[in-house]
1. If I histogram all Cα-Cα distances within segment 45-111 using bins 10 Å wide from 0, what percent of pairs lands in each bin?
2. Which entries of 2/275; 2/187; 40/275; 2/192; 3/40 have Cα-Cα distances beyond 18 Å here?
3. Given +1 on the Cβ of Lys and Arg, -1 on the Cβ of Asp and Glu, and no further charges, what dipole in debye does segment 140-288 carry about its Cα centre, rounded to the nearest 20?
4. What nm distance separates the two modelled labels at residue 28 and residue 94, each placed 7 Å from Cα along Cα→Cβ?
5. Using amide H atoms built 1.01 Å from N in the peptide plane, name the residues 5+ places from residue 194, or on other chains, whose amide H lies under 5 Å from its own.
6. How would you rank 130, 203, going from fewest to most other Cβ atoms within 10 Å of each one's own Cβ?
7. Relative to the compact-globule scaling 2.2 N^0.38 Å, provide the ratio for the alpha-carbon radius of gyration of segment 1-93.
8. Semi-axes of the equivalent ellipsoid of the chain: what are they in whole Å, largest first, if each equals the square root of 5 times a C-alpha gyration tensor eigenvalue?
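The numbers here are math on the coordinates, done by the rules we state, and not lab data. Nothing here was measured: the structure is a model prediction, and the numbers come from that model. Methodologically, a virtual Cβ is constructed for each residue, glycine included, from the backbone with ideal geometry; neighbour enumeration extends over all protein chains shown.
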Amino acid sequence: MKKTDIHLHLTLEQHPKTEQMFVSSAENMLPHLHELGIEKGILMSSGEGHSSISFGSNEECRQIAGCFPETYFWMCNLDDVSGNVLKRLKTYKKQGAVGIGELMINRRMDDPLIQEIFAAAEQLSLPVLFHMSPEVGYQYGIVDYAGLPLLEENLKKYPNLKFIGHSQPFWHEISGDAANSLSARMKWGKGKVTPGGRLSYLFDTYPNLYGDLSANSGGCAIMRDEDFGLDFLETYFDRLMFATDMVNVDMEFPLGKWLEKMYQCGKLKEETYQKIAYQNAASVFGLN
């Protein structure tokens with residue numbers, strides 16, 4: 001069944017397998033995407049080339065999209081370096097970037113650099129897909145506290161900027177009993193969801209908040225409690241987007257088949273499935 005995947009990490013040339021990381025080339029990934037019913041995919045950038053990550057830079061993502069324009073689109077990213085953010089983002093948008101993602105600079109959401117990025121993104125109408133970290137100095141991702149108070153401040157401050165949430169600390173807030181410890185915020189969700197979670201409040205209150213359903217963070221948040229998950233999808237069907245976070249042909253996350261199953265057995269409306277599977281992505285990112 002037709003899907004657009006808004007969260008992929010791939011390379012232009014196939015890298016050899018290593019014990020640490022196996023990343024597929026965009027070309028080698030095509031049959032796997034076809035098998036999963038994914039017709040289009042958006043590449044996440046690792047940055048501008050100053051970081052230690054050796055694949056998936058803005059330039060490499062741009063080249064992949066140029067080689068396979070029927071399948072791949074790309075988002076740009078920014079490294080944690082000084083310089084004119086607006087000018088840099090203008091360049092990447094002119095080169096074809098459809099958004100910023102995944103933003104993972106490990107600074108608080110109210111940090112001056114992050115604020116400069118948000119202001120420029122709003123001005124340029126570039127959606128921001130962010131990876132969230134629970135604290136500065138812990139792994140990677142922009143930082144917010146339990147309950148997502150900084151995210152709410154920014155949703156208010158930049159009403160015309162589309163924020164797309166991703167990773168465990170974001171989806172952890174789907175449940176009303178979300179614990180505030182670092183370890184709890186980094187776990188994949190499981191078990192029944194307690195109503196009254198912060199995410200429901202934020203989605204209800206701020207129309208510029210969107211959700212990336214990728215990986216086990218997004219997938220488990222929806223599938224952990226079928227009744228709640230289906231209700232969440234039906235309620236926010238116009239602001240949730242299918243994604244996987246795949247990096248190679250050996251990976252497959254269960255949400256895609258679960259969504260198909262729910263639709264085919266009549267538990268998910270056709271409009272809801274289509275919106276989440278591909279129509280929202282086309283609208284948010286202006287995909288052809």
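1. 22, 54, 22, 3
2. 2/187; 2/192
3. Working: 15 positive and 19 negative charges, 32 e Å.
In total the dipole reaches around 160 debye.
4. The modelled label-to-label distance comes out at 3.5 nm.
5. Here 176, 177 satisfy the definition.
6. Numbers: 130 27, 203 20.
So the ranking, lowest neighbour count to highest, is 203, 130.
7. That works out to 1.13 for segment 1-93.
8. Sorted largest first and rounded, they come to 26, 24, 18 Å.
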